[in-house]
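Asks: Here it is, the structure, as structure tokens.
The values are calculated or read from the model by the stated rules, or taken from the named source; none is laboratory data. These numbers were taken from a predicted model, which means no experiment stands behind them. We place every Cβ from the backbone using ideal geometry, glycine too, and count neighbours over all the protein chains shown. Heads up: the accessible areas ignore ligands, DNA and RNA and are worked out on the full protein's heavy atoms, side chains in. Shrake-Rupley method; radii C 1.70, N 1.55, O 1.52, S 1.80 Å.
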Amino acid sequence: MKKAVVIGSGIAGLSAAIRLANKGYDVSVYESNSEVGGKLSQLALGKYRFDCGPSLFTMPELFEELFDECKKNFSDYLKYKKLDTITNYFYEDGTRFKSYSSNEKFAQELHRLALIEEKTVIEYLNKSRKSYKLTKHVFLENSLHKMKTFLNLKTLISLIQLYKLPLFGSLNSFNKKKIENPKIVQYFNRFATYNGSNPYKAPSLLSLIPHLEHNIGAFYPTGGMFQIAMSLKKLANDLGVKFEFNCKVTEIIIEGNRAIGINVNSEFIATDAVFSNMDIYQTYKKLLPNLIMPNNVKYEEKSSSGIVFFWGIKKEFKELGLHNIFFASNYEEEFHKIFNEYSISEDPTIYINITSKYSIEDAPLNCENWFVMINAPHNDGTQDWDLMVEKARKNIVHKLNRILKVNIEDFIEVESVLDPRKIEINTSSFGGSLYGSASNSKWAAFLRHKNFSNKVRNLYFCGGSVHPGGGIPLAMLSGKIAVDCLVD
């Protein structure tokens, strides 16, 4: 039986490990932390439980497909439900609306508030669906660095229809052409943050992202997002994957032009294939000291990160749901601060995730668990993060008090903070960037590191910092593509 080792147990690493085991490999996963999940982790503060990482579950069909491949039923491992109301949106002028899973209901809601015509919303989401269907075979489901990707029928059909895609200008410029109301432009601009990008620079093709949420749907896994990682771990265990926790890999061993093993705690582990789910920059810097780091990795623009406050709130807020967004008044200035000045805005957009709305065990009776996040730059080593965190907390509190008409500090019972420094320590994500590289260029997809090494045989890469990008769905696909590269 051939052996494979996977370095890191984020979603992509778990996806790769499961697929390798299902193909008959003897698989061992080496994880420096004490549990699987990577950024998809959890935190307990007193009687409150929090999901620490990704909070939106989309494209469950990718999980269904994986479990089907392994002759297992996903519902035996994880239950989930589709959300009727996806997100509650709040603007400074008092405008409020809900993003519904029903496109018709959502369009009617915006029309009722005199924000946009129903027809315009439906047309936009239909265009988003078409863009996704035309590009998924090329940019998401296969390697961009294998000739066979461009020679199959599905890809050829997509390439012939490229003229139908929004290929020029930024996402913001595209949205302004389609939509007159600046509030709705801001709404659709926000989808660039789903891969840590700047909507004023990111390509208009990112207008396909709303399709995932609106046309496919947003979901909530029973027990919270961390249970997604737990379901994959259980499947991996059932297939015979071995997990080695608190084991820090220090080097990928190369002999000639082949990866032959890894060093873990000064011990050499021989293997037939190595898969790194570690951030690609850190993989080269720490695990491949004798390989020259490619320029597209060394100089790529890093995605945004975040500052997160975990608050146990001893009050229930009926106007809030699972997902809540409080928009900045000047959205463009917020992204200029993040990507040009590597700082944060005085008036940040605030995201609040409250899993106790669905998992009542996550907070005491009549209380709520608030995951409160603002977008932030990655850590470039020059920022005073202690000062920035203090500033962020003050601005968040003032904004929430103003919009919710409450003194929120009266209700904060427990608190913890996560910033880019801690994200980097916990996950090895370079600079604490949440999605690897930003998609602030129309060439970003082509510049992401490939899922295999041209110079070293038997060496493969998966995760948010390589093709096809960050976020749970793309991480799942990244693990699949990496394994596909092995068996080609």
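Asks: Alpha carbon centre of the range 338-398 versus the range 101-152: separation in Å?
Replies: Rounded to whole Å, the Cα centres lie 29 Å apart.
Asks: Excluding Ile292 itself, what net charge comes from residues whose Cβ is under 12 Å from its Cβ, given Lys and Arg +1 and Asp and Glu -1?
Replies: +3
Asks: Here's another thing I want to ask about it. Run the numbers for Tyr358 and Ser102: contour at 0.36 nm per residue of separation, minus the present Cα-Cα distance, in nm.
Replies: 90.2 nm
Asks: To continue, here is another question. Using only Cα atoms, what is the ratio of the radius of gyration of the range 62-147 to 2.2 N^0.38 Å?
Replies: Taking the Cα Rg and dividing by 2.2 N^0.38 Å, one obtains 1.54.
Asks: Cα-based Rg of the chain per 2.2 N^0.38 Å, rounded to two decimals?
Replies: It is 0.95.
Asks: Using protein chains only and a probe of 1.4 angstrom, how many square angstrom of Lys164 are accessible, to the nearest 10?
Replies: 90 Å²
Asks: Measuring from centroid to centroid over Cα atoms, what is the spacing of the range 49-96 and the range 19-46 in Å?
Replies: With the range 49-96 and the range 19-46 each reduced to a Cα centre, they are spaced 19 Å.
Asks: Any idea how far the Cα center of the range 418-456 sits from the one of the range 279-323, in Å?
Replies: So the separation of the two Cα centres works out to 8 Å.
Asks: Okay, moving on. With a ≥ b ≥ c taken as the square roots of the eigenvalues of the C-alpha gyration tensor of the range 363-488, please select rounded if a/c is under 1.5 and otherwise prolate if a/b is larger than b/c or oblate if it is not?
Replies: Prolate, because a/c is 1.5 or more and a/b exceeds b/c.
Asks: Still on this structure, please answer the following. Determine ³J(HN,Hα), in whole Hz, for all residues of the range 292-303 in sequence, where each value follows from phi through the Karplus function 6.51 cos²θ - 1.76 cosθ + 1.60 and θ = phi - 60°; x replaces Gly and Pro.
Replies: Per residue, the Karplus-derived 3J(HN,Hα) values read 6, 5, x, 4, 5, 8, 5, 10, 5, 6, 6, 6 Hz.
Asks: Among the complete DSSP H segments of the chain, which ones combine at least 18 Å of alpha-carbon extent along their axis with a mean Kyte-Doolittle hydropathy of 0.5 or more?
Replies: For the chain, where a helix must reach 18 Å along its axis and average at least 0.5, the hits are 472-487.
Asks: Now a separate question. Once every DSSP H run of n ≥ 4 in the chain is given -39500 (n - 2.57) and the sum is divided by its residues, what mean residue ellipticity at 222 nm do you get, rounded to the nearest 500 deg cm²/dmol?
Replies: Calculated from helices alone, the mean residue ellipticity at 222 nm is -9000 deg cm²/dmol.
Asks: How many nm separate the modelled label positions at Glu117 and Thr382, each set 7 Å beyond the Cα in the direction of the Cβ?
Replies: Result: 4.8 nm between the two label points.
Asks: In Å, what Kirkwood hydrodynamic radius results for the range 130-229 from the alpha-carbon pair distances?
Replies: Computed over the range 130-229, the radius equals 15.3 Å.
Asks: Got a number for carbon plus sulfur as a percent of the chain's accessible area, 1.4 Å probe?
Replies: Carbon-and-sulfur percentage of accessible area, whole number: 51.
Asks: A follow-up question, please. For the range 425-485, build the convex hull from the C-alpha positions and give me its volume per residue in Å³.
Replies: Dividing the Cα hull volume of the range 425-485 by its residues yields 101 Å³.
Asks: While we're looking at this one, here's another question. What is the calculated FRET efficiency for Asn246 to Asn73, with r their C-beta to C-beta distance and R₀ = 25 Å, to the nearest 0.05?
Replies: Here the calculated transfer efficiency is 0.20.
Asks: Then there's this: Hey, what do the phi angles of the range 265-273 turn into as Karplus ³J(HN,Hα) couplings, whole Hz, using 6.51/-1.76/1.60 and θ = phi - 60°, x for Gly and Pro?
Replies: With coefficients 6.51, -1.76 and 1.60, one gets 6, 6, 10, 8, 10, 7, 7, 8, 7 Hz.
Asks: Non-local amide H neighbours of Gly306 (under 5 Å, H modeled in plane, Pro and chain starts lacking H): which ones?
Replies: Ala376
Asks: Another question about this same structure. Taking the Kirkwood radius as the inverse of the mean 1/r across Cα pairs, report the Rg/Rh of the range 156-205.
Replies: 1.05
Asks: While we're on this one: Averaged per residue, what accessible area in Å² does the chain show with a 1.4 Å probe, protein chains only?
Replies: Roughly 41 Å² per residue, with all protein chains present.
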